[in-house]
Amino acid sequence: PVLSGLAGRHVLITSGPTHEPIDPVRYIANRSSGRQGHAIAAAFARAGARVTLVSGPVTIPDPAGVDVVHVESAREMLAAIDAALPADVAVMAAAVADWRMAEAQNGKIKKDGSGAVPALALVENPDILATVGRHATLRPRLVVGFAAETSNVVDNARAKLARKGADMILANDVSPERGVMGGDRNTIHLVSGEGVANWPTLSKTEVAERLVAEVARRLQPAK
Ligand code: C5P
């Protein structure tokens, strides 16, 4: 169904992990299948939006009806997002690596047989959600982030909302026993200026469709 509030709107989505090279054969990454972000991209496209999906390395197919930009690192993801602005809505669902190598090595780091281990000096990556949420000139009308937490899920999401300049945070408990990572289901607490809404456990497609409905409602002009 084409929701009138979304027809023709530009929606920018990040999904998947980022890979931060250590050397040509090794990298630092977060665990992320890209399933939730890709499901969100597909759901916005079904609702009639023009969708740009910036995806880190994933093994799942590109969603239908979506412009997909494939990237590897956080800095490439930010550059692709910058290039895709302006947008009406941004949903930052990628699991971006917080740190990258201060200097990635051009050649493979070799074991020298002595048992010595390399010290990896790291620097912080740009925060893509915060960059978009606090953009001076091209901030989308609605900026949505995720918070994957293993404790104090809602409190941490509230803090993130303020810190990153987001309108909504979809918080979920990713403690290993909950099976969210790579799984098909998700239990979301939607934290926004309106308060906290506790969603039932849903499939990632259902989470995406609920988010699309929330965004469509918030884009409607007040009557
Ligand atoms: O701070 P934390 O990583 O828990 O925040 C999660 C949210 O911020 C997600 O929406 C994620 O996509 C976004 N994020 C980002 N760039 C980063 C780190 C997180 O866009 N460097």
Checklist entry - In this structure, is residue 172 over 19 Å from residue 38 (Cα atoms) and polar (S, T, N, Q)? => result no
Checklist outcome for this item: Taking region 47-71 and keeping residues in a loop (DSSP other than H, G, I, E, B) and more than 13 Å from residue 32 (Cβ to Cβ) leaves 47, 48, 49, 61, 62, 63, 64, 65, 66, 71
Checklist outcome for this item: Of those in region 135-161 that are of a type in the set (D, E, K, R) and under 26 Å from residue 10 (Cα atoms), the residue farthest from the ligand (Cβ to nearest atom) is 141
Checklist entry - Based on what the data block shows, is residue 126 within 14 Å of the chain's Cα centre (by Cα), surrounded by fewer than 17 Cβ atoms within 10 Å (Cβ to Cβ) and either more than 13 Å from the ligand (Cβ to nearest atom) or in contact (Cβ under 8 Å) with a residue 40 or more places away in the chain (or both)? => result yes
Checklist entry - Can you tell me which residues in region 91-140 are of a type in the set (Ser, Thr, Tyr) and either closer than 17 Å to residue 76 by Cβ or part of a strand (DSSP E or B) (or both)? => result 131
Checklist entry - Of the conditions (1) modelled with pLDDT under 95; (2) away from the ligand (no atom under 12 Å from the Cβ), residue 174 fails just one. Which one is it? => result (2)
Item to check | Residues of region 38-59 that turn out to be surrounded by fewer than 24 Cβ atoms within 10 Å (Cβ to Cβ), under 25 Å from residue 126 (Cβ atoms) and touching a helix residue (DSSP H, G or I) at 6+ places or on another chain (Cβ under 6 Å), as a count | outcome: 1
Item to check | Hits in region 63-75 - residues which are of a type outside the set (Lys, Arg), over 17 Å from residue 9 (Cα atoms) and touching a residue at least 24 places away in the same chain (Cβ under 8 Å) | outcome: 63, 71, 72, 73, 74
Checklist entry - What do you reckon, is residue 97 within 10 Å of the ligand (Cβ to nearest atom) and out of contact with any helix residue (DSSP H, G or I) (no Cβ under 9 Å at 6 or more places or on another chain)? => result no
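The values are calculated or read from the model by the stated rules, or taken from the named source; none is laboratory data. These numbers were taken from a predicted model, which means no experiment stands behind them. Neighbour counts run over all protein chains shown; Cβ positions are idealised from the backbone, glycine included.
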